[in-house]
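Colleague: Structure incoming, see below.
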Amino acid sequence: MSPSAETSTHGPGPNTGELRKLGAGVELGRYTLLRRIAAGGMAEVYTARIEGIEGFEKKVAIKKILPQFSMNKRFIDMIVDEAKIAVTLTHPNIAQVYELGLEGDTYYIVMEYVDGRPLNRLLQKVDIGGTEKLDLEHAVHIVGEVAKGLHHAHIQKDARGNPLNIVHRDVSPQNILLSYAGQVKVIDFGIARAAGRVAHTSVGVIKGKLRYLAPEIAVGEEPDARSDVYCCGIVLFELLTGEAMFAPRTDLEAIELASKAIVRSPRLSNPEVPADLEDIVLKALRRERSERYSSAKELYGDLRRFLNHHHPAYVGSELGDRMQQLFKPEMEEDRQLDEVAERIVLEVRQKRAEPQGPERRSSAVAVSADPSPGQATSPSYKQLVTRSIEIVPGSSGSAEAESPDRGAASEAPTIALDTENEPSFSGAAKPSTATSAAGSMGARRMSILFGGMFLGALSVLFAVWLGFSSANSGGASEAVTPSEKVEPAPSVGSVRIRIEPPELEGEVQVFVDGKPHSSGTDREVKLELSLVPHQVDLYAEGWELPRPLSFTPEAGQSLVLEARFEPLGTIVVSGEYKEVKSSGGIVVGGSVRNVPLGVDVEVRVSRERGGDYVETVRLSDMQRERKLQVPEYRAPRPGQIKVTAYPESKVYVDGRLRGTTPFNAPASAGRHTVRIEAPDGRKKEVVLDVPPGKAAGYHYQWPRR
């Protein structure tokens, strides 16, 4: 998520009071809230920080569900559904979702923090006809990156290989984040449609922003990946023109305009849009799905080819430079607000560290203990989603049936933790019927399924929490005496990464959270990491890992992940050349290494004479290495220009007087401008294309006066 400053910076006093009011310094599970960056009708978004061992810190974004919605079972099912979908999506162009948490009665989603602004804020900043302008290459790059992220979501499959059929359904500028480094990320798969989801969308119910609806959604048909392609077309149109494609006055008019899908050419509003880019926009916006791009990947391919042809030197960091230019005041404001938020956090922690009376200290332990870095978190925190979850609707089993005052709690779903490549375990921990003074944990009947082999140890920890909670609330359960010893929870988790495919040879370099960790030729990497979100990148010469591994280790469990590399190719340039440039891969001397397979790569070779030689190369699994022979420059054979005119006229070729008619003279192959001039001063100009070794002629009869 990106910042959107809501607090003014008129001095430290007002900032401090306002930020305190908005939650700065509040502990939410393992996270410390810093400041609110956005607020909507159902949730608030905060920047937050998580701390671990050895001074480890990570900044995240937290979407905190408003209290009135936390009591709505259907809404919470949708939130769980959103997390279940989004947590499976790991791609550079999708903002990563790390987990879904529950603290007391507050549900929240922990997401990747993107330091930047949403695309709608950029559209507000630029004006096609004004002083600020968004270059076409930025618009093409943004939508191309969005298409890449969407394609990743569209092709996701479950553990059995069945397509998940994820469709975003709400691709709009508000859901596209642009970082100050030039990254483009899609957010908010909250209304994404996937097979087997918990909160099913009713047939005929329209979801999404009405200005960005695909025609099939507007008429109540089932959307697919091409529906997201259409929305990408709307966003691209608006970026190129600075105008809304549809400007409805009412919701009904918006649905009618979307269903008809009558679009206009972007060149009518912005004549600088090239014809080939116009073709891309209009193809994405075809009303019939069968006439659109068949996939977001196909749309990305055409956009990438446009950039390679018109702006071959363009790189994504140029978008970051533009963002920093446009949002310089906002960046400074964010910096000042962050400083104030950090001071508030420090003050809160210092106050918490002051000596307190025994009774008050006991309450702090039972309800909101402040975890030390790398240790177990507060007992009142429940982690509901890590990588994947399974929702089992209905009551929580016989243990719940024994409770005499079940009430509405019997409707709560059972939420089972599950980790890919790990065995399934069963066994439910019976919830307490006691209610704390705050009414937070006891009121929420929620069964957490723990691993069988760890059930004994976890039961002891659960009993400790149960005792503290009952003692604090006056319940019937017995408190644990100080003489009882409980082993501290592990502060690190074990992670094993298997490297595939077997034919990958040579050294693999491992980077953890952007820092070098190790390198070697082993096909399995073993890591011991703190219990916080991590990102692991692996590099191997001649191979590519499509995306980094993002995960959160768990205490007492060994997480097994697979890093499946894809092969890269090499283009070797031979012949006469001065310099080699390429739109893909890495240029090293006279070769281009680490070239992606199945992608058109434009190789431009500068020669000593005769200009550049350009060739488009596409490597494949069958041909991972290609030799590119640069042909020797040969000047084309000259042709001739023949001109006749009556009466006799002067002949100018490319602005120079070359003779009079009848005119017949050699000329270089190519396009030439020929002008004839009559004795009375009349002039006539034409353009002739002279083919190599052949003549191009022109005859003209001056009309009588």
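The values are calculated or read from the model by the stated rules, or taken from the named source; none is laboratory data. Note that the coordinates shown come from a computational prediction; the quantities given were computed from them, not determined experimentally. Note: ideal-geometry Cβ built from the backbone for every residue, glycine included; neighbour counts use all protein chains shown.
Colleague: Inspect all residues belonging to the stretch 119-131 and state whether any of them is charged (D, E, K, R) and within 19 Å of the chain's Cα centre (by Cα).
Modeller: Scanning the stretch 119-131, I find at least one residue that is charged (D, E, K, R) and within 19 Å of the chain's Cα centre (by Cα), so the answer is yes.
Colleague: Do you know which of the residues in the stretch 676-705 that are among the charged types (D, E, K, R) and farther than 12 Å from residue 641 by Cβ is surrounded by the fewest Cβ atoms within 10 Å (Cβ to Cβ)?
Modeller: My answer is 704.
Colleague: Tell me, which helices (runs of 4 or more DSSP H) lie completely within the stretch 202-311 with 3 or more residues that are within 16 Å of residue 146 (Cα to Cα)?
Modeller: In the stretch 202-311, the matching helices (runs of 4 or more DSSP H) lie at 225-241, 275-284, 296-310.
Colleague: Looking only at the stretch 594-647, how many residues end up being charged (D, E, K, R) and under 26 Å from residue 670 (Cα atoms)?
Modeller: The number of residues fulfilling the criteria is 11.
To keep it simple, each residue is scored yes or no on (1) crowded, with 19+ Cβ neighbours inside 10 Å; (2) at pLDDT below 80.
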{"position": "7", "(1), (2)": "yes, yes"}
{"position": "12", "(1), (2)": "no, yes"}
{"position": "24", "(1), (2)": "yes, no"}
{"position": "29", "(1), (2)": "yes, no"}
{"position": "42", "(1), (2)": "no, yes"}
{"position": "48", "(1), (2)": "yes, no"}
{"position": "52", "(1), (2)": "yes, yes"}
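Colleague: Could you tell me whether the stretch 527-542 includes any residue that is modelled with pLDDT under 85 and either outside any strand (DSSP E or B) or out of contact with any Gly (no Cβ under 6 Å at 6 or more places or on another chain) (or both)?
Modeller: Yes; the residues of the stretch 527-542 include at least one that is modelled with pLDDT under 85 and either outside any strand (DSSP E or B) or out of contact with any Gly (no Cβ under 6 Å at 6 or more places or on another chain) (or both).
Colleague: Is it the case, given these coordinates, that residue 241 is modelled with pLDDT under 85, among the polar types (S, T, N, Q) and farther than 27 Å from residue 109 by Cα?
Modeller: In short, no.
Colleague: Filter the stretch 650-705 down to residues that are under 15 Å from residue 636 (Cβ atoms) and of a type in the set (Val, Ile, Thr), then give me how many there are.
Modeller: Of the residues in the stretch 650-705, 1 are under 15 Å from residue 636 (Cβ atoms) and of a type in the set (Val, Ile, Thr).
Colleague: Of all residues being assigned to a strand (DSSP E or B) and of a type in the set (S, T, N, Q) in the stretch 636-675, which is farthest from residue 698 (Cα to Cα)? Just the residue, please.
Modeller: If we take residues in the stretch 636-675 being assigned to a strand (DSSP E or B) and of a type in the set (S, T, N, Q), then 660 is farthest from residue 698 (Cα to Cα).
Colleague: I've got another one for you. If a residue must be in a loop (DSSP other than H, G, I, E, B) and hydrophobic (A, V, I, L, M, F, W, C), how many such residues does the stretch 568-609 contain?
Modeller: Counting residues in the stretch 568-609 that are in a loop (DSSP other than H, G, I, E, B) and hydrophobic (A, V, I, L, M, F, W, C) gives 2.
Colleague: Can I ask one more? I'm told residue 164 meets every condition in (1) closer than 28 Å to residue 304 by Cα; (2) modelled with pLDDT of 85 or more; (3) crowded, with 23+ Cβ neighbours inside 10 Å except one. Can you identify the failing condition by its number?
Modeller: Looking at each condition in turn, residue 164 falls short on (3).
Colleague: How many residues does the stretch 54-67 contain that are at pLDDT 85 or above and loosely packed, with under 15 Cβ neighbours inside 10 Å?
Modeller: Adding up the residues that qualify gives 1.
Colleague: Scanning for something polar (S, T, N, Q) and without any contact (Cβ under 8 Å) to a residue 24 or more places away in the chain, does the stretch 657-668 turn up at least one residue?
Modeller: yes
Colleague: Sticking with this one: If you check every pair at least six apart or on different chains, which have Cβ atoms under 9 Å apart with a residue in the stretch 237-266 that is at positive phi first and a residue that is surrounded by fewer than 19 Cβ atoms within 10 Å (Cβ to Cβ) and modelled with pLDDT under 85 second?
Modeller: Qualifying pairs under 9 Å: 242/126; 242/127; 242/128; 242/129; 242/130; 242/133.
Colleague: Here is a further query. Would you confirm, using the coordinates I've provided, whether residue 555 is at pLDDT 85 or above, surrounded by 14 or more Cβ atoms within 10 Å (Cβ to Cβ) and within 27 Å of residue 496 (Cβ to Cβ)?
Modeller: No.
Colleague: Filter the stretch 602-627 down to the residues that are hydrophobic (A, V, I, L, M, F, W, C) and either free of Cβ contacts under 8 Å to residues at least 40 places away in the same chain or not assigned by TED's automatic domain parsing to the domain that holds residue 574 (or both), then identify the one that is nearest to residue 688 (Cα to Cα).
Modeller: Top of the filtered list is 614.
Colleague: Next question, about the same structure. Here is a check on your reading of the model: is residue 593 under 39 Å from the mean Cα position of the chain (by Cα), within 23 Å of residue 297 (Cα to Cα) and among the basic types (Lys, Arg)?
Modeller: For residue 593, the condition - under 39 Å from the mean Cα position of the chain (by Cα), within 23 Å of residue 297 (Cα to Cα) and among the basic types (Lys, Arg) - is not met.
Colleague: Right, next: What residue, of 259, 294, 317, is of a type in the set (Ser, Thr, Tyr) and over 28 Å from residue 166 (Cα atoms)?
Modeller: Selected residue: 317, the only one of 259, 294, 317 that is of a type in the set (Ser, Thr, Tyr) and over 28 Å from residue 166 (Cα atoms).
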